[in-house]
Amino acid sequence: MLWLIDSPANGFGEGKGGANTDSRQVSQICKGVSEWCPFSEESVKSAPKQYGIYIFRMAQSKCFKRLKGESDILYIGSAEGNRGLRGRLQQY
């Protein structure tokens, strides 16, 4: 299960790391698997309770500088256990 999430308008702060991947590339890879959704109470409530991977991107796909290049991807995480993706996203 893959859950693609737009960050709130004010973001979560800039991520750090060396990856030079952005949400356009992720969207192409995940085409037909998952679509981007806003980070809201509704989207968290509709997230599955099974394990999976989630990706946060900057609101409006705003890019920021990284160690190598720039990207709008803030964070890539995984969730497991009996609360799954929904439980993990509720922690944010």
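The values are calculated or read from the model by the stated rules, or taken from the named source; none is laboratory data. Note that the coordinates shown come from a computational prediction; the quantities given were computed from them, not determined experimentally. When we count neighbours, we look across all protein chains shown, and the Cβ atoms used for this are built from the backbone with ideal geometry, even at glycine.
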Residue, modelled with the lowest pLDDT, within the stretch 55-89, restricted to residues that are touching a helix residue (DSSP H, G or I) at 6+ places or on another chain (Cβ under 6 Å), not in a loop (DSSP other than H, G, I, E, B) and not hydrophobic (A, V, I, L, M, F, W, C): Ser61
Residue, modelled with the highest pLDDT, within the stretch 32-42, restricted to residues that are of a type in the set (Gly, Ala, Ser) and loosely packed, with under 14 Cβ neighbours inside 10 Å: Ser40
Considering residues of the stretch 63-77 that are hydrophobic (A, V, I, L, M, F, W, C) and surrounded by 14 or more Cβ atoms within 10 Å (Cβ to Cβ) only, the residue nearest to Gln25 (Cα to Cα): Ile73
Unmet requirement for Ile29, which otherwise passes all of (1) at pLDDT below 90; (2) in contact with a Lys or Arg (Cβ under 9 Å, 6 or more places away or on another chain): (2)
Residue tally, condition closer than 12 Å to Ser23 by Cβ, in contact with a Lys or Arg (Cβ under 8 Å, 6 or more places away or on another chain) and not hydrophobic (A, V, I, L, M, F, W, C), over the stretch 59-79: 2
Of all residues in the stretch 4-26 being touching a helix residue (DSSP H, G or I) at 6+ places or on another chain (Cβ under 8 Å) and either assigned to a helix (DSSP H, G or I) or charged (D, E, K, R) (or both), the one that is modelled with the lowest pLDDT: Asp6
Residue within the stretch 45-57 that is charged (D, E, K, R) and in contact with an Asp or Glu (Cβ under 8 Å, 6 or more places away or on another chain) present: yes
Verdict on Lys45 being part of a helix (DSSP H, G or I), basic (Lys, Arg) and loosely packed, with under 15 Cβ neighbours inside 10 Å: yes
Test result for Ser40, in contact with a strand residue (DSSP E or B) (Cβ under 8 Å, 6 or more places away or on another chain) and small (Gly, Ala, Ser): no
